[in-house]
1. Rank by packing, highest mean first: peptides 38-48, 8-18, with packing defined as the count of other Cβ atoms within 10 Å averaged across residues.
2. How many nm is it between the label spots at S53 and I10, if each spot is 7 Å from the Cα in line with the beta carbon?
3. Which of the peptides 23-32, 58-67 is most tightly packed, and how do the rest follow, judged by the mean count of other Cβ atoms within 10 Å per residue?
Amino acid sequence: MSWPVQQKQISRNRILQSAIRLFSSRGFDGVSIADVMRDADLTHGAFYAHFKSKQQLYAEAIDLAASDSFSRRHHTSIGKSDGA
């Protein structure tokens, strides 16, 4: 039985958010795939449905975290310049 596309995206996002949180606090070498999947409350096997390696997860997590940070800063700076 195949998972609906929306459920796959939810699972992928949970993995990425857990990875961001853990890599940020412990660094790449301080985090295992098992740590990420436990934090995301998903099975270890589910990892490989979304990522080929820990390195791929790390790269995507860093990219997402940077993108989110840029978006928050951009929206904050727009709000400040509009009120000035």
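Quick note: the coordinates plus some simple rules give every number you see, no bench work behind them. Bear in mind that the values here come from a model prediction, so they are computed numbers and not experimental data. When we count neighbours, we look across all protein chains shown, and the Cβ atoms used for this are built from the backbone with ideal geometry, even at glycine.
1. Ranking the peptides 38-48, 8-18 by packing returns 8-18, 38-48.
2. That separation, rounded to one decimal, is 3.2 nm.
3. 58-67, 23-32
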